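In what follows, a structure is listed as structure tokens, so that the remarks can point back to it.
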Amino acid sequence: SHISGELDLTTRDAFTKALKAQNLNPDDYLLIPAHPWQYQHKLSVVFANEFANNRLVYLGEGDDLYQAQQSIRTLYNCSHPHKPYLKVALSILNMGFMRGLSRAYMAVTPAINDWVFNKVNYDPTLSACNFTALREYATLGYAHHTFEQSALGDTPYRKMFACLWRENPNHNLQNNEQLTTMAALLHLDNNGKSMAGALVDQSGLSTHAWLQHYFNAYLIPLVHCFYAHKLVFMPHGENLILKLKNSVPVGAYMKDIGEEVALLNSTEPLPDEVSRIHITMPKELELLSIFTDVFDCFFRYLVAILVREERITEHDFWHGVAQSVKAYQQANPALNARFKEYDFFSDEFAHSCLNRLQLGNNKQMVDLTDPAGSLQFAGSLNNPVSAKLYG
């Protein structure tokens with residue numbers, strides 16, 4: 001049913017005829033998309049024996065036109081803008097990872113996404129923030145018998161041919177709503193003017209008021225997932241899609257769930273196919289999922305832009321962050337023990353050095369099965385929302 005929705009009858013018939021023309025039974029095959037570059041430069045060479053023996057059959061191109069998103073291996077269907085996003089393997093080295101897709105990961109990705117979606121979807125706090133997970137609900141992966149041998153270990157050759165389909169948030173848009181990756185907030189045009197500032201101006205709100213809406217859509221859901229569920233994401237700018245209404249943030253979609261979600265030091269029982277997300281790490285590092293990923297890796301760039309444009313002071317920005325989290329904590333007294341155990345307003349936090357990971361191993365910055373064990377530190381950073389500053 002999924003493939004029928006992706007490919008129209010004419011295209012499916014053409015592929016069926018192409019198989020029959022080679023005396024092959026279409027019922028013996030699954031249709032799986034590949035990036036054109038990946039086919040031309042990787043699959044046609046490395047998988048040549050698979051093609052020679054008709055275990056793989058090249059059928060040509062489909063009719064739909066795709067455009068790469070900001071994450072270049074995730075494709076947007078321009079011909080049918082409400083069809084799912086398509087993510088494919090692309091064996092290029094980019095930002096510390098070879099951008100393939102693991103067939104083994106694909107096998108359990110839909111189950112993980114369903115579990116996370118249900119956890120998020122039925123939480124009233126997250127629903128009130130209009131925060132949701134974009135499900136990766138269908139996957140395919142090809143196992144090359146040679147590269148699957150255990151002696152080869154976790155080789156990139158195992159990740160050359162797989163794909164997933166992700167929900168398209170266009171379905172949920174109402175009047176006067178639009179979508180943007182959060183990374184766009186840091187964009188500067190050729191006159192040095194920021195996208196964030198333009199949105200504030202278009203909204204008619206003060207910078208402080210606009211930021212409160214933004215914190216409620218982005219920061220508070222992440223804080224709640226950590227304290228209420230021990231659930232953390234990889235919430236960088238490209239992984240977070242903001243929903244805007246009249247240029248004001250009113251919700252957010254988290255994506256890249258299957259590979260990057262984690263349940264930290266949790267004893268919650270999980271189905272076998274979801275158990276991969278259980279991660280054990282030193283307790284003192286758990287809040288780095290906010291301090292590093294949000295404060296150090298995004299907010300510090302955003303606040304610099306807003307200060308340079310004289311829209312807000314650095315003090316007022318971080319005071320707004322602190323007040324948002326304090327209001328959240330006051331509204332959730334049932335979590336007071338967790339708030340005390342993990343002090344959001346501590347004086348400092350460990351300085352996790354992401355550039356050192358890239359320099360240390362430009363092919364795999366982090367072992368996804370043991371992210372904490374991969375981290376490198378250099379002293380500590382002052383917490384910009386320390387109780388000493390905003391107590």
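Compute the semi-axes of the equivalent ellipsoid of region 4-62, taking the square root of 5 times each eigenvalue of the Cα gyration tensor, and list them largest first in whole Å.
20, 15, 8
Under a GNM of the chain (C-alpha, springs under 10 Å), which listed residue has the highest mean-square fluctuation: Lys283, Lys20, Lys87?
Among Lys283, Lys20, Lys87, the largest mean-square fluctuation in the Gaussian network model of the chain belongs to Lys20.
Which lysines have a Cα lying under 16 Å from the Cα of Lys42, excluding residues fewer than 8 positions away in the same chain?
Lys159
Normalised by the number of residues in region 10-142, what is the relative contact order in percent for Cα pairs under 8 Å and 6+ residues apart?
For region 10-142, the relative contact order is 16 percent.
How big is the convex hull of the Cα atoms of the chain, per residue, in Å³?
Dividing the Cα hull volume of the chain by its residue count gives 164 Å³.
Taking Cα atoms, how many degrees apart are the long axis of helix 9-20 and the longest axis of the chain, rounded to 10 and kept between 0 and 90?
40
Classify region 5-105: rounded, prolate or oblate, from the alpha-carbon gyration tensor (a ≥ b ≥ c, eigenvalue square roots; a/c under 1.5 rounded; otherwise prolate if a/b is larger than b/c)?
oblate
Which of Ala183, Ala327, Ala89 moves most in a GNM of the chain, Cα contacts under 10 Å?
In the Gaussian network model the winner is Ala327.
If you take every DSSP beta bridge whose two residues both sit in the chain, what share of them, in percent to the nearest 5, is antiparallel?
90
Taking the chain as a Gaussian network, Cα atoms linked when under 10 Å apart, which of Ala162, Ala228, Ala48 shows the biggest mean-square fluctuation?
Top of the fluctuation ranking is Ala48.
Just the Cα atoms of region 230-344: what Rg and Dmax do they give in Å?
16.5, 52
Please list the non-local residues whose amide H lies under 5 Å from the amide H of Val250, H modeled 1.01 Å from N, same-chain partners needing a gap of 5 or more.
For Val250, the qualifying residues are Lys243, Leu244, Lys245.
If you add up the charges near Arg73, with Lys and Arg at +1 and Asp and Glu at -1, over every other residue whose beta carbon is less than 14 angstrom from its beta carbon, what do you get?
In short, +2.
No value in this document is a laboratory result; all are computed from the given coordinates. The shown structure was predicted, so the numbers you read here are calculated from the model rather than taken from an experiment. Note that each Cβ is placed from the backbone with ideal geometry, even for glycine, and that neighbours are counted across all protein chains shown.
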